[in-house]
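Novice: Sharing a structure below in structure tokens format, with a few things to ask.
The values are calculated or read from the model by the stated rules, or taken from the named source; none is laboratory data. None of the values given here were measured: they were computed from a predicted structure. In this analysis, Cβ positions are derived from the backbone assuming ideal geometry, glycine residues included, and neighbour counts consider all displayed protein chains. Surface accessibility is based on the protein's heavy atoms, side chains included, excluding ligands, DNA and RNA. Shrake-Rupley method; radii C 1.70, N 1.55, O 1.52, S 1.80 Å.
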Amino acid sequence: MASEGASIESKEWTLDPETEYRFELDPGTSLAVKLIRGHAEVFGAELAANKPYLFGSECKAAIFTWRGYVTGQPSTEYVSEETPMAAYANLHIAFEQMRVRALRDLRGSPVPEYEREKSSDPPRVLLLGPENSGKTTVCKLLINYAVRAGQGWSPLLINTDPAEGGWAAPGALSAAPVHTPLPTCSPGNPLGAAATSAPTALSSNALLPLAYWYGHAESKRNPLLMERIIRNLGENVNDKYQVDLQGRTAGLIVDTPSSFASGPGSSDERQRLIKACVDAFKINVILVVGHEKLNVEMQRTYASRLTVVKIPKSGGVVELDHLYRERVHNYQLHTYMYGQIIPPPPGISSASLGGETLSDLVLSPSSTIINFDDLSIFRIGAETMAPSSALPIGAARAVSETQAVSIDPAQPGSGLLNAVLAVLAPPVNTDESERYDEEILDLPISGFIIVTNLDIPHRKMTILAPNQGSVVGRTAVIGSFEWQE
Ligand SMILES: Nc1ncnc2c1ncn2[C@@H]1O[C@H](COP(=O)(O)OP(=O)(O)OP(=O)(O)O)[C@@H](O)[C@H]1O
């Protein structure tokens with residue numbers, strides 16, 4: 001460990017093979033990491049040598065390495081010799097073999113005798129686990145290893161955790177083919193940046209996600225809507241695979257919310273959502289992260305038709321509390337509008353964020369005044385909604401969970417001020433006879449806006465959007481997320 005100059009606190013760590021340096025950052029602090037010698041990776045994304053990498057926005061992560069050099073002041077830092085990386089690497093090898101068999105089958109190449117009995121299905125993996133079990137991290141790791149395998153795989157990463165945000169704002173469920181390793185530098189961009197909110201010339205930003213708007217952080221708030229979105233994502237994935245046969249061989253990985261594994265919601269609801277994922281994405285492997293009961297439950301339900309594997313939880317996964325999760329939602333919305341801004345620690349002038357130059361990641365949103373009538377705004381279901389199972393026997397809902405209710409911005413209590421709105425893509429089919437009542441639920445998101453001011457007397461509102469594109473005539477949907485700068 002060595003100190004470097006008066007203004008910065010720097011330390012040098014020498015790590016043994018298969019150990020990791022773990023850190024947790026406090027609000028407002030950042031960390032720069034430079035690899036001096038050997039190989040190192042952050043959740044599967046390799047670090048280039050002699051190049052400072054920045055981490056910020058209360059990032060919690062680990063660098064799995066042989067030799068490193070660290071500058072900054074993490075609130076918690078330590079080296080761990082106990083990691084489940086060997087088990088995760090074995091999983092990756094098994095998935096890689098499945099991909100190779102799928103590609104061989106597609107190309108009609110000869111199959112060796114000892115592999116004749118094996119299936120030629122690519123890995124389509126569902127990750128399940130309780131809160132803070134490291135599901136998202138395992139997904140990222142497995143995707144990054146696949147991308148780095150040098151075979152040109154672009155597996156699909158599907159995020160069904162509405163609290164995660166993924167490539168869109170929190171509240172969205174999304175899917176994207178991943179071509180380059182996903183960086184981890186801030187929880188504001190947990191899965192790397194999407195091309196829709198950042199310059200497309202950057203390699204790690206070339207992600208083009210398909211996203212649907214759920215609008216809430218908890219999946220139990222509107223399970224019917226969740227299920228519908230999962231099925232919509234599944235249909236799109238299957239349509240893609242119909243025409244992209246080679247892309248199909250890379251497989252897919254589905255991250256899920258912790259409420260699928262445990263929690264207060266009813267067990268039937270959980271099971272229904274898991275089944276929706278299994279069916280929609282034609283899952284053939286379920287990975288259960290460190291949860292014995294869920295593993296047994298999944299073995300009982302699915303072992304006859306697919307593989308269920310229990311995998312160890314990493315001791316490095318940090319217990320994230322409610323307040324931290326709220327701050328992360330704010331970071332995500334800020335990042336969506338303004339790009340990824342992390343001031344480097346004192347003494348560090350040139351650093352990169354997940355491999356990209358700092359200045360390339362800054363965006364300037366635009367604030368525009370529009371008329372109330374320029375935008376049709378809807379809410380899906382009622383504002384406060386008890387689950388159907390909690391209604392008195394025989395009682396029916398006034399507004400169903402999947403009904404789109406129009407919102408009048410002029411009404412006091414519309415809930416629009418500071419609300420995050422998802423602007424939906426226009427329907428592909430403009431033929432009136434083909435329109436249907438719940439069409440709005442099946443339209444993907446084209447972007448997000450925030451209502452920053454309401455001028456009811458003049459029937460005008462101010463909106464903040466990441467670009468200057470017009471939203472006049474578009475349809476937007478509100479959820480339960482709010483954001484203020
Ligand atoms: N080995 C590790 N060392 C340090 N931090 C880690 C490690 N693995 C995961 N983390 C951190 O722990 C936190 C929780 O991990 P992650 O988001 O993967 O869990 P999860 O099970 O998906 O969470 P959720 O409860 O939101 O579903 C994240 O901030 C992640 O970066």
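Novice: Roughly how many Å² of SER30 are accessible to a 1.4 Å probe, to the nearest 10?
Specialist: 20
Novice: Follow-up question, since we're still on this one. Work out how much length GLU46 to GLU485 would gain on full extension: take 0.36 nm times their residue separation and subtract the Cα-Cα distance, in nm to one decimal.
Specialist: 154.7 nm
Novice: To the nearest 10 square angstrom, how much accessible area does LYS60 have with a 1.4 angstrom probe?
Specialist: Here the accessible area works out near 50 Å².
Novice: Where the accessible area of the chain is counted over protein heavy atoms with a 1.4 Å probe, how much of it, in %, is carbon and sulfur? Mind showing how you got there, number by number?
Specialist: Numbers: 10890 of 21450 Å².
C and S fraction of accessible area: 51 percent.
Novice: Still on this structure, please answer the following. Note down the relative contact order for the stretch 269-330 as a percent, whole number, built from C-alpha pairs under 8 angstrom at least six residues apart. Mind dumping the intermediate values first?
Specialist: Numbers: 40 pairs, mean separation 18.6, N = 62.
Normalised by residue count, the contact order of the stretch 269-330 is 30 percent.
Novice: Still on this structure, please answer the following. Could you tell me what percent of the DSSP beta bridges with both partners in the chain are antiparallel, to the nearest 5?
Specialist: Working: 62 of 86 bridges.
Bridges in the chain are about 70 percent antiparallel.
Novice: To continue, here is another question. Rank these residues by their accessible area, most exposed first, probe 1.4 Å: HIS39, HIS329. Intermediate results must be reported in sequence, preceding the final value.
Specialist: Values: HIS39 115, HIS329 25 Å².
Sorted by accessible area, descending: HIS39, HIS329.
Novice: Per residue of the chain, what 222 nm ellipticity follows from adding -39500 (n - 2.57) for every DSSP H run with n ≥ 4, rounded to the nearest 500?
Specialist: Working: 7 runs with 104 residues, N = 485.
Using -39500 (n - 2.57) per qualifying helix, the result is -7000 deg cm²/dmol.
Novice: Using 0.36 nm per residue of separation minus the Cα-Cα distance, give me the extension gain between HIS179 and ALA87 in nm, one decimal. Walk me through the numbers before you get to the answer.
Specialist: Numbers: separation 92, 0.36 × 92 = 33.12 nm, distance 2.39 nm.
Full extension of this stretch gives 30.7 nm more.
Novice: Another one. Do me a favour and compute the ellipsoid semi-axes for the stretch 247-302 from its Cα gyration tensor, root of five times each eigenvalue, largest one first, whole Å.
Specialist: Details: eigenvalues 86, 32, 23 Å².
Taking √(5λ) for each eigenvalue gives 21, 13, 11 Å, largest first.
Novice: Report the Cα centroid-to-centroid distance between the stretch 283-323 and the stretch 408-485 in angstrom, as an integer.
Specialist: Their Cα centres are 37 Å away from one another.
Novice: Give, as a single signed number, the net charge of other residues whose beta carbon lies under 12 Å from the beta carbon of TYR331, with Lys and Arg counted +1 and Asp and Glu -1. Show your work: numbers first, answer last.
Specialist: On the way: positive: ARG325, ARG327; negative: GLU58, GLU326.
Taking every other residue near TYR331 into account, the sum is 0.
Novice: Taking 0.36 nm per intervening residue step and subtracting the Cα-Cα distance, what contour gain separates SER267 from VAL362 on full extension?
Specialist: On the way: separation 95, 0.36 × 95 = 34.20 nm, distance 4.38 nm.
Working it through step by step, the gained length comes to 29.8 nm.
Novice: Can you put HIS458, HIS291 in order of accessible area, largest first, using a 1.4 Å probe?
Specialist: Numbers: HIS458 125, HIS291 40 Å².
The residues order as HIS458, HIS291, largest area first.
Novice: A further question follows. Ignoring everything but the protein chains, give the 1.4 Å probe accessible area of VAL100 in square angstrom, nearest 10.
Specialist: Answer for VAL100: close to 70 Å² accessible.
Novice: Average the reciprocal distances over every distinct pair of alpha-carbons in the chain, invert the result, and give the Kirkwood radius in Å.
Specialist: On the way: mean 1/r = 0.0422 Å⁻¹.
One over the average 1/r among Cα pairs gives 23.7 Å for the chain.
Novice: Need one number: nm distance between label points at TYR114 and ASP437, each 7 Å from Cα along Cα→Cβ, rounded to one decimal.
Specialist: Rounded to a tenth, the inter-label distance reads 6.0 nm.
Novice: Residues of the stretch 217-244 with amide nitrogen under 13 Å from the 7 Å Cα-to-Cβ point of LEU320?
Specialist: Once the point is set 7 Å along Cα→Cβ of LEU320, 217-218 turn out to lie under 13 Å by backbone N, inside the stretch 217-244.
Novice: A follow-up question, please. Which three semi-axes in whole Å describe the equivalent ellipsoid of the stretch 405-459, each the square root of 5 times a Cα gyration tensor eigenvalue, listed largest first?
Specialist: Working: eigenvalues 141, 39, 19 Å².
Calculated on Cα positions only, the semi-axes equal 27, 14, 10 Å.
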